[in-house]
(Lines give C-alpha, C1' and ligand atoms only; values in the text may rest on other atoms or scores of the structure.)
Protein backbone atom coordinates (compact mmCIF):
# COMPACT_ATOMS: atom_id res chain seq x y z
CA UNK A 1 0.00 0.00 0.00
CA UNK A 2 2.83 2.38 0.81
CA UNK A 3 4.67 1.59 -2.42
CA UNK A 4 1.73 2.54 -4.63
CA UNK A 5 1.24 5.70 -2.61
CA UNK A 6 4.90 6.66 -3.14
CA UNK A 7 4.65 6.04 -6.86
CA UNK A 8 1.72 8.43 -7.21
CA UNK A 9 3.16 11.34 -5.22
CA UNK A 10 6.94 11.07 -5.66
CA UNK A 11 9.77 9.98 -7.88
CA UNK A 12 13.22 8.52 -7.23
CA UNK A 13 16.35 9.32 -9.20
CA UNK A 14 19.75 7.69 -8.77
CA UNK A 15 23.22 8.93 -9.64
CA UNK A 16 25.57 5.96 -9.82
CA UNK A 17 29.37 6.07 -9.38
CA UNK A 18 29.69 9.84 -9.61
CA UNK A 19 33.37 10.93 -9.50
CA UNK A 20 32.93 13.15 -6.43
CA UNK A 21 33.91 13.00 -2.78
CA UNK A 22 31.45 11.19 -0.53
CA UNK A 23 32.25 13.50 2.40
CA UNK A 24 31.45 16.63 0.39
CA UNK A 25 28.28 14.98 -0.93
CA UNK A 26 27.06 14.09 2.57
CA UNK A 27 27.39 17.70 3.72
CA UNK A 28 25.63 19.05 0.62
CA UNK A 29 22.81 16.51 1.02
CA UNK A 30 22.24 17.48 4.65
CA UNK A 31 21.97 21.11 3.52
CA UNK A 32 19.39 20.34 0.79
CA UNK A 33 17.20 17.82 2.62
CA UNK A 34 13.69 19.14 3.30
CA UNK A 35 13.92 22.13 0.95
CA UNK A 36 12.07 22.62 -2.32
CA UNK A 37 13.84 21.65 -5.52
CA UNK A 38 13.92 25.29 -6.65
CA UNK A 39 15.61 26.35 -3.41
CA UNK A 40 18.08 23.49 -3.79
CA UNK A 41 18.99 24.57 -7.32
CA UNK A 42 19.59 28.16 -6.18
CA UNK A 43 21.75 27.02 -3.25
CA UNK A 44 23.89 24.79 -5.48
CA UNK A 45 24.32 27.52 -8.10
CA UNK A 46 25.47 29.93 -5.37
CA UNK A 47 27.98 27.35 -4.09
CA UNK A 48 29.36 26.79 -7.61
CA UNK A 49 29.91 30.55 -8.05
CA UNK A 50 31.42 30.74 -4.50
CA UNK A 51 28.82 33.20 -3.24
CA UNK A 52 27.71 31.02 -0.32
CA UNK A 53 29.48 28.18 1.46
CA UNK A 54 28.21 24.77 2.51
CA UNK A 55 28.30 24.40 6.32
CA UNK A 56 30.28 21.33 7.39
CA UNK A 57 28.91 19.72 10.53
CA UNK A 58 30.08 16.11 10.42
CA UNK A 59 33.30 16.07 8.36
CA UNK A 60 34.77 19.34 9.63
CA UNK A 61 38.27 18.38 10.79
CA UNK A 62 40.70 20.95 9.43
CA UNK A 63 38.00 23.00 7.70
CA UNK A 64 38.26 26.77 8.12
CA UNK A 65 35.51 29.12 9.25
CA UNK A 66 33.37 30.98 6.73
CA UNK A 67 31.44 34.20 7.00
CA UNK A 68 27.73 33.93 7.62
CA UNK A 69 25.70 31.89 10.03
CA UNK A 70 28.09 28.90 10.19
CA UNK A 71 31.35 27.78 11.69
CA UNK A 72 33.22 25.42 9.36
CA UNK A 73 32.42 25.50 5.65
CA UNK A 74 33.71 24.95 2.12
CA UNK A 75 32.82 25.56 -1.52
CA UNK A 76 32.64 22.04 -3.05
CA UNK A 77 32.17 23.14 -6.67
CA UNK A 78 32.62 19.78 -8.41
CA UNK A 79 30.31 17.88 -6.08
CA UNK A 80 27.72 20.69 -6.27
CA UNK A 81 27.70 20.64 -10.06
CA UNK A 82 27.14 16.85 -10.18
CA UNK A 83 24.41 16.99 -7.52
CA UNK A 84 22.77 19.87 -9.40
CA UNK A 85 22.66 17.70 -12.52
CA UNK A 86 21.03 14.81 -10.64
CA UNK A 87 18.52 17.22 -9.04
CA UNK A 88 17.55 18.66 -12.44
CA UNK A 89 17.18 15.12 -13.77
CA UNK A 90 14.91 14.24 -10.84
CA UNK A 91 12.74 17.28 -11.55
CA UNK A 92 12.35 16.34 -15.21
CA UNK A 93 11.54 12.74 -14.23
CA UNK A 94 8.84 13.98 -11.86
CA UNK A 95 7.32 16.19 -14.54
CA UNK A 96 7.35 13.29 -17.02
CA UNK A 97 5.44 11.20 -14.47
CA UNK A 98 2.76 13.89 -14.41
CA UNK A 99 3.58 15.39 -11.02
CA UNK A 100 3.00 19.09 -10.56
CA UNK A 101 5.68 21.48 -9.30
CA UNK A 102 6.75 22.65 -6.72
CA UNK A 103 8.60 19.57 -5.45
CA UNK A 104 10.09 19.00 -2.02
CA UNK A 105 13.34 17.08 -1.57
CA UNK A 106 12.00 14.38 0.72
CA UNK A 107 15.11 12.23 0.68
CA UNK A 108 18.62 12.86 -0.60
CA UNK A 109 21.34 10.39 0.38
CA UNK A 110 25.00 10.04 -0.58
CA UNK A 111 26.67 6.63 -0.21
CA UNK A 112 30.17 5.47 -0.97
CA UNK A 113 30.51 3.51 -4.22
CA UNK A 114 33.16 0.98 -5.19
CA UNK A 115 36.60 2.52 -5.42
CA UNK A 116 38.63 1.40 -8.42
CA UNK A 117 42.30 2.09 -9.05
CA UNK A 118 43.30 5.17 -11.02
CA UNK A 119 44.18 4.37 -14.62
CA UNK A 120 47.78 4.55 -15.83
CA UNK A 121 51.22 4.47 -14.33
CA UNK A 122 50.72 6.25 -11.04
CA UNK A 123 51.07 5.60 -7.38
CA UNK A 124 48.62 3.26 -5.73
CA UNK A 125 45.65 5.63 -5.59
CA UNK A 126 41.98 4.87 -5.69
CA UNK A 127 39.24 6.97 -7.25
CA UNK A 128 36.52 8.77 -5.33
CA UNK A 129 33.10 7.43 -6.23
CA UNK A 130 29.68 8.24 -4.78
CA UNK A 131 26.15 6.92 -5.27
CA UNK A 132 23.42 9.55 -4.92
CA UNK A 133 19.70 8.96 -4.35
CA UNK A 134 17.16 11.79 -4.68
CA UNK A 135 13.46 11.40 -3.85
CA UNK A 136 11.18 14.27 -4.86
CA UNK A 137 7.58 14.62 -3.75
CA UNK A 138 4.82 17.02 -4.68
CA UNK A 139 4.54 19.79 -2.13
CA UNK A 140 0.74 19.52 -2.07
CA UNK A 141 0.73 15.81 -1.27
CA UNK A 142 3.29 16.33 1.50
CA UNK A 143 0.99 18.91 3.11
CA UNK A 144 -1.97 16.56 2.77
CA UNK A 145 -0.08 13.75 4.52
CA UNK A 146 0.83 16.03 7.44
CA UNK A 147 -2.78 17.19 7.75
CA UNK A 148 -4.04 13.59 7.66
CA UNK A 149 -1.60 12.59 10.41
CA UNK A 150 -2.69 15.47 12.62
CA UNK A 151 -6.36 14.52 12.13
CA UNK A 152 -5.65 10.90 13.08
CA UNK A 153 -3.80 11.99 16.24
CA UNK A 154 -6.69 14.21 17.33
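The values are calculated or read from the model by the stated rules, or taken from the named source; none is laboratory data. It should be emphasised that the depicted structure is a prediction, and the values quoted were computed from it without experimental measurement. Backbone-built Cβ (ideal geometry, glycine too); neighbour counts: all protein chains shown.
Can you spot a residue in the range 130-150 that is at pLDDT 95 or above, closer than 27 Å to residue 46 by Cβ and not in a strand (DSSP E or B)?
The answer is no, given that none of the residues of the range 130-150 is at pLDDT 95 or above, closer than 27 Å to residue 46 by Cβ and not in a strand (DSSP E or B).
Does residue 38 satisfy the criteria of being in a helix (DSSP H, G or I) and under 27 Å from residue 9 (Cα atoms)?
Yes.
What residue, of 115, 66, is in contact with a strand residue (DSSP E or B) (Cβ under 9 Å, 6 or more places away or on another chain), surrounded by 15 or more Cβ atoms within 10 Å (Cβ to Cβ) and without any contact (Cβ under 8 Å) to a residue 60 or more places away in the chain? Walk me through how you get there before you give the answer.
Details: 115 fails: surrounded by 15 or more Cβ atoms within 10 Å (Cβ to Cβ).
Exactly one of 115, 66 is in contact with a strand residue (DSSP E or B) (Cβ under 9 Å, 6 or more places away or on another chain), surrounded by 15 or more Cβ atoms within 10 Å (Cβ to Cβ) and without any contact (Cβ under 8 Å) to a residue 60 or more places away in the chain, namely 66.
Hey, any hits in the range 20-27 for a residue that's modelled with pLDDT of 95 or more, in a loop (DSSP other than H, G, I, E, B) and more than 30 Å from residue 144 (Cα to Cα)?
Restricting attention to the range 20-27, the residues satisfying the condition of being modelled with pLDDT of 95 or more are 20-27.
Still in the list and also in a loop (DSSP other than H, G, I, E, B): 20-21.
Still in the list and also more than 30 Å from residue 144 (Cα to Cα): 20-21.
The answer is yes; a qualifying residue exists.
Which residue is farthest from the chain's Cα centre (by Cα), if the candidates are limited to the range 105-129 and must be more than 18 Å from residue 80 (Cα to Cα) and part of a strand (DSSP E or B)?
117
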